[in-house]
Structures are given as C-alpha cells and as structure tokens.
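The values are calculated or read from the model by the stated rules, or taken from the named source; none is laboratory data. What you are looking at is a predicted structure, and each value in this text was computed from that prediction instead of being measured. We place every Cβ from the backbone using ideal geometry, glycine too, and count neighbours over all the protein chains shown. Note: areas computed on protein heavy atoms with side chains; ligands, DNA, RNA excluded. Shrake-Rupley method; radii C 1.70, N 1.55, O 1.52, S 1.80 Å.
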Amino acid sequence: MQVVLIGVGQAGGKVTQVLAEFDQEMGFDAVQGAFGVNTAKADLQSLSIDTMLIGQDRVKGHGVGGDNELAAEIMQEESTEVMDSLDGRISTDAEAVVIVAGLGGGTGSGGAPALAKELNRVYDVPIYVVGVLPGRDEGSLYQANAGRSLKTVVRESDAALLIDNDAWRSSQETLEEGFDQINDQIAQRLGLLLASGEAVEGVGESVVDSSEIMNTLRGGGIASLGYASAEAADDPGENVNTITSLTRKALLTGMSLPNAVDAEAALLVVAGDPDCISRKGVERARKWLEEETGSLQVRGGDFPLESDRLAALVVLGGVERSQRIEEFMDRAREAHENAESRDPVEQFENDELDDLF
Ligand SMILES: Nc1nc2c(ncn2[C@@H]2O[C@H](COP(=O)(O)OP(=O)(O)OP(=O)(O)O)[C@@H](O)[C@H]2O)c(=O)[nH]1
C-alpha cells in the first residue's frame, strides 16, 4: 500500500523515521514519503527525515509541555502552511496518509486529530492515525491526554490503529529504555503490513492487496495489529499447524492492543516463501479467526517473501467495544477527574468522556 507518513510530536517523529528506514532497508517501497511535524525544535533536530517546526510564535520552539489543546490550536492556526508543505509530498499514487503520534503527550495528541481533520477535508484517500497509548505506569496527564485525544482521533480519522506501549515491550526494561525496541517492533509489523499490499511477486488470487487492508479498516473506529513468526518447514503440508498456531499466537499474545479480540472485521496475512505457505493452513487459521473475533468479515491472504520463516499478521478493525479499550478509558477517566485537562479539538465537551462509544 503506497503511503505517506506524517509523524506529529516526538514519538510520532521517531516512529515515522524508523518505519521509513525499515521500508527502505527491506526494499519494499511502500512508503512514498516521511515527514515530521513538531512544536519542539530539539525533537526535530534529531530526525533525518524532512521536518517542519510549528507554533514558533506561541512556544518559541520549546514544545507545548503536554498541553494538547494548545497543540490543536497551533495545528489549526498553521494548517495552511502545514498543508502547503505536504502538498508536493502526497502524490496521486498515494493510497493513504498515515499520521503517527504518541497520544499521551501534547503535540501528538492535540496535533494529530487536528491534522487528520484538515487532511480529510482536502484529500480523498483514507487518513489513518497510528496512535501510541501510554503504558500503565505513565503519569495521569499522559492518560488523560490520550483518553481525550482518542475520542477526537477516532472522529477525525478513517481509522485509528492503536499501539499500547505496554504491548510489545520486554518486561525487564523501563519504558524509556524500551522505546527503541518498541519502535523497532512497530516499524517491522506495520512495515510488513503496508508492504503486503504492495506484493507483486507470485501475484495470484491468494495474495493480499491494498484494498483488503483498506476494507478491513473501512468501518472506522479503533483497529489493532498482531504478529507472530516461526521457522518454516520446506513442505507446505508440514506448515498447516505452524500457520494456525502462529495465528493463535498473533491474536492471543501478539496484538498491539492486548485482550481486545471482539472485532467488526479482520485480516490475516501469512508472510513467507510462497512454496511453503499452506492454503489449507491459511484457510483453517482464517476460520479460527472468524470464531474468535465473532466477525463475519475475516479476510485472508499471502504475502510472498524470500524468507526461511513464516509470519502471521492479524489486523482487527472495529475493536472499540472490547474490554481492553474500556479499561483504558476507565484509567483515562480517572486521570481526567484528577487533573483538569481540556479538549484537543474544540467541539469536545468534558462530559463526553462518559459516553465515548
Ligand atoms: N513507543 C514510543 N512511545 C514514545 C516514544 N517517545 C515518547 N513516547 C510516548 O509518547 C507519549 C509522549 O508523547 P511525546 O511524543 O513524547 O510528546 P509530544 O507529542 O512531542 O508532546 P509535547 O512533548 O508535550 O510537546 C508518552 O506516552 C510516551 O510514553 C517513543 O520513542 N516510542
């Protein structure tokens, strides 16, 4: 799937850069362009992708210090300049724009929904937001910001793919130490998914294409992504069980939003050497996903890759009614009650937190 990536805020910029590098190193060419926008000059200086500093008049390049309402205002005020600099980068080949942001901070959580709204006004392609949720032990401002931002992100984007900072982190590390590792995991998984829609080798009925990714996300709301991989046997017959168990592992322990399996739609992509991928395995795993997610819209396909491993990628669309999101919203609501926080995008009323979905 041909995409343009826009990282908003510190986490957004870092993840965007790692994702663009992964795509380039693997030779996938799904990422057409990568761009970073921030209110903090220092965060942009550490990036090698093209960047744009916003809000200079208001915060003098020092960032918004967690104030996501201010960030949303800045993004709205400078939308013409931001859209102008994006204009040449979003070509007619782009099938989607992907905004990446940490939803716990200020710039990302306020700027991302404001930018999504503006992009949706101008472009016909879907505007997706990849939002990083704060881990459980992050402070209450982060939780409150993310809760409020999530509502507006869901409203302004065509789908919000969420990554819980607790999901793909190894337990020994503190969150700070773990960021690079989490970012690599995001880049690998999201990078593979985007590239799967680009596969040309061995094109056949069973190969996934961009439209299947987009159709899985078409219902909007909240989406998540899961992954698991293992050594492949040479004989596809021996890989039937490998594919089904990888799919179980991806859904049950490898999702970017753990414990959120009730979904409106799902997509299973099995990546690996086409000679090793078992049709029977993919079909069985797809059926199992149908039962497990309660969705009647479960798509499945291959991503032919030169590799001695097999990987299962699972995309879930419409997971907002799941227990995991409810838990997160409870945490955000609690944090919100303890800290006066304001709306990132104007129309949002305080009491709307009570009837989010
Ligand atoms: N996965 C991941 N999360 C990060 C990273 N850096 C920060 N975060 C998370 O993102 C949130 C903070 O957002 P930032 O992107 O640092 O903040 P910002 O949007 O730049 O906003 P301000 O600093 O307030 O202007 C917190 O929940 C952090 O845990 C990163 O490199 N990777």
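Taking H as built 1.01 Å from N, whose amide H comes closer than 5 Å to the amide H of R136, not counting residues under 5 places away?
D166
Please give the net charge around V208, taking every other residue with its beta carbon less than 9 angstrom from that of V208, where Lys and Arg add +1 and Asp and Glu add -1.
Every neighbour counted, the sum reads -2.
Kindly write out, for the range 279-294 in residue order, the coupling ³J(HN,Hα) from the Karplus curve 6.51 cos²θ - 1.76 cosθ + 1.60 (θ = phi - 60°), rounded to whole Hz, with x marking Gly and Pro.
Here the 3J(HN,Hα) series is 4, 4, x, 5, 5, 5, 5, 5, 4, 4, 4, 4, 5, 5, 8, x Hz.
If R0 is 22 Å, what FRET efficiency do you get for D180 and D137 from their C-beta distance, rounded to 0.05?
Efficiency for this residue pair is about 0.75.
With every atom except the alpha carbons ignored, what do you get for Rg and Dmax of the chain, in angstroms?
19.5, 64
Got a sec? What order do S278, S245 fall in by accessible area at 1.4 Å, biggest, i.e. largest, first?
Putting S278, S245 in descending order of accessible area: S245, S278.
What is the distance in Å between the Cα centres of the range 99-120 and the range 237-267?
Cα centroid of the range 99-120 versus Cα centroid of the range 237-267: 29 Å apart.
Just to confirm, what accessible area per residue do you get for the chain at 1.4 Å probe, in whole Å²?
42 Å²
Would you mind counting up the charge near V8? Only other residues with Cβ under 13 Å from its Cβ, with Lys and Arg at +1 and Asp and Glu at -1.
Residues close to V8 contribute a combined charge of -2.
Please give me the summed charge of the neighbours of V97: other residues whose Cβ is under 10 Å from its Cβ, Lys and Arg +1, Asp and Glu -1.
-1
Calculate what fraction, in whole %, of the accessible area of the chain sits on carbon and sulfur atoms when a 1.4 Å probe is rolled over the protein chains.
Solvent-exposed carbon and sulfur of the chain make up 43 percent of the total.
With a 1.4 Å probe and all protein chains in place, put W168, W288 in order of accessible area, largest first.
Sorted descending by solvent-accessible area, the residues read W288, W168.
Expressed as a rounded percentage, what relative contact order does the chain have, with Cα pairs under 8 Å and six or more residues apart?
Dividing the mean separation by the residue count of the chain yields 17 percent.
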